[in-house]
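Take a look at the structure below.
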Amino acid sequence: RTSAEGTASGKVILFGEHAVVYGSPAIAAGLDRGAHARATRLASGPSTLRIGDETVVADGSSSNDLERAFHALLTVAPALPPVHVEARSDLPPGGGLGSSAALSVAITRAAEALARGQEEDAAIEARVLERAAAWERIFHGNPSGIDAMAAARGGIFRFTRAEGARPILPRQDLALCVGSTGQPSSTRETVGLIASQHAKDPVLVQRSIDAVTSIVGNAVLALEAGDQRALGDLMNMNQLVLSGLFVSTSELEELCALARASGALGAKLTGGGGGGCVIALVPPAFQSDGTRDEAREAKSAARILDAWRGAEGR
Ligand code: PMV
């Protein structure tokens, strides 16, 4: 074989971002959009990566994060042979939807499949998280691994650093509306911001982490019971704690308020914050189950979308 492909999902964090870095549980859900990569064999190195208009070479001592991340991914033992990879993400970059992790998983799957052949799928998957972690450390500093896990497995799951992923079986489908502030969010910066607060006043930050732990515990129960009203309330509470940690912004708060005023059961930022995206829980009455009030649904859904379209142009 001279080329091979790999794909991966984007994700939203439903509950528990940031607290998860400190060992608390979080809940993530895979998206149906994600990243795609195609790897082609090279006779000799260095390996190259093209994403959109940008082509980089794998270089561990480069000042370019992408060059170092690509190098780090390829050199996790056993090192991968020289490849050229063409990759693309269908997710907004820096938006907290896991674009970077999805790219790392798609690139790893393509390059591993080329090196080892498809019959060794299990061996490939065993190294996906390790290679993705090496990539994510370049961009994030101290990634919890939840993004890479979501990119690799999809679905809805509870995650902790110590225990990894445990699937959750929600009683009902969830309909989420994702709204973007249009502002990039730097997870490295917001994770660093909370780390410096933690260094100054560990007791205060720990109180927020404990609050998130109990929100996540209740959210698992609400998902399993199909109690979407409780789930929405818990999203609002999680947002309050996140704004108390200073990772929300006035644009994120405005989008949450718009979504709630338009009928969302709850809304919060998702991912690193400081910009990026908001998720809102769309009430079951607005979802397509064939038994709803369609006129009301269409109107409310359109209002949510319009509000967000307005905010996106900012
Ligand atoms: O990559 P983002 O922006 O979706 O954020 C990931 C979630 C954090 O908890 C903020 C960081 C982490 O590594 O878990």
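Every number here is computed from the coordinates shown, using simple stated rules; none is lab data. Keep in mind it's a predicted model, so treat the numbers as computed, not measured. Methodologically, a virtual Cβ is constructed for each residue, glycine included, from the backbone with ideal geometry; neighbour enumeration extends over all protein chains shown.
Observations, loosely collected:
- Long-range amide H partners of GLN183 with built H, under 5 Å: GLY276
- From phi via Karplus (6.51, -1.76, 1.60), per-residue ³J(HN,Hα) for segment 46-55 in Hz, x at Gly/Pro: x, 5, 10, 9, 10, 10, x, 8, 9, 10
- Built amide H within the under 5 Å cut-off of LEU91, gap 5+: none
- The angle between the Cα long axis of helix 65-75 and the longest principal axis of the Cα atoms of the chain comes to about 60 degrees, rounded to the nearest 10.
- A simple count of charges around VAL191, restricted to other residues whose Cβ falls under 13 Å of its Cβ and scoring Lys, Arg +1 and Asp, Glu -1, yields -2.
- Degrees between helix 99-116 axis and first principal axis of the chain (Cα, 0 to 90, nearest 10): 30 degrees
- Couplings 3J(HN,Hα) of segment 168-175, computed from phi: 10, 9, x, 6, 10, 5, 9, 10 Hz, in residue order, whole Hz [Karplus 6.51 cos²θ - 1.76 cosθ + 1.60, θ = phi - 60°; x for Gly and Pro].
- Ellipsoid equivalent to segment 1-143 - semi-axes via the Cα gyration tensor, in Å: 25, 16, 15
- Summing Lys and Arg as +1 and Asp and Glu as -1 over all other residues whose Cβ lies under 11 Å from the Cβ of HIS71 gives a net charge of -2.
- For the chain, the mean residue ellipticity at 222 nm estimated from helices alone is -15000 deg cm²/dmol, where every DSSP H run of n ≥ 4 contributes -39500 (n - 2.57) and the total is divided by all residues, rounded to the nearest 500.
- Environment charge at ALA267 (Cβ cut-off 10 Å; Lys +1, Arg +1, Asp -1, Glu -1): +1
- Among LYS200, LYS268, the ranking by other beta carbons within 10 Å of each residue's beta carbon, starting with the fewest, stands as LYS200, LYS268.
- Difference of contour (0.36 nm per residue) and Cα-Cα distance, SER63 to THR7: 17.4 nm
- Sites LEU42 and ALA123 - FRET efficiency at Förster radius 25 Å, r taken between beta-carbons, to 0.05: 0.70
- Packing around the peptides 240-250, 167-177, taken as the average count of other Cβ atoms within 10 Å per residue, puts them in this order, highest first: 240-250, 167-177.
- Order of PHE15, PHE139 under a 10 Å beta carbon neighbour criterion, fewest first: PHE139, PHE15
- Highest-fluctuation residue, GLU251, GLU112, GLU163 considered, GNM on the chain with Cα pairs under 10 Å: GLU163
- GNM result for the chain, Cα springs below 10 Å: residue of ARG116, ARG137, ARG88 fluctuating most strongly: ARG116
- Note on the chain: GNM, Cα springs under 10 Å; of ALA222, ALA162, ALA72, the largest mean-square fluctuation is that of ALA162.
- Cut-off under 5 Å, modelled amide H: who pairs with VAL83 long-range: LEU42, SER47, THR48
- The Cα-based radius of gyration of the chain, divided by its Kirkwood radius, gives an Rg/Rh of 0.99.
- Residue-wise HN-Hα coupling along segment 224-238, computed from phi with Karplus coefficients 6.51, -1.76, 1.60 (Hz; x: Gly, Pro): 5, 8, x, 8, 6, 5, 4, 4, x, 4, 5, 4, 4, 5, 4
- Relative exposure of ILE194, ILE51, judged by other C-beta atoms within 10 Å (fewest first): ILE51, ILE194
- At R0 = 30 Å, FRET efficiency that the Cβ-Cβ distance of SER214 and ASP173 yields, to 0.05: 0.75
- Crossing angle, helix 250-261 versus the chain [Cα axis fit, 0-90 degrees, rounded to tens]: 50 degrees
- Subtracting the Cα-Cα distance of GLN183 and GLU54 from their residue separation scaled by 0.36 nm leaves 44.3 nm.
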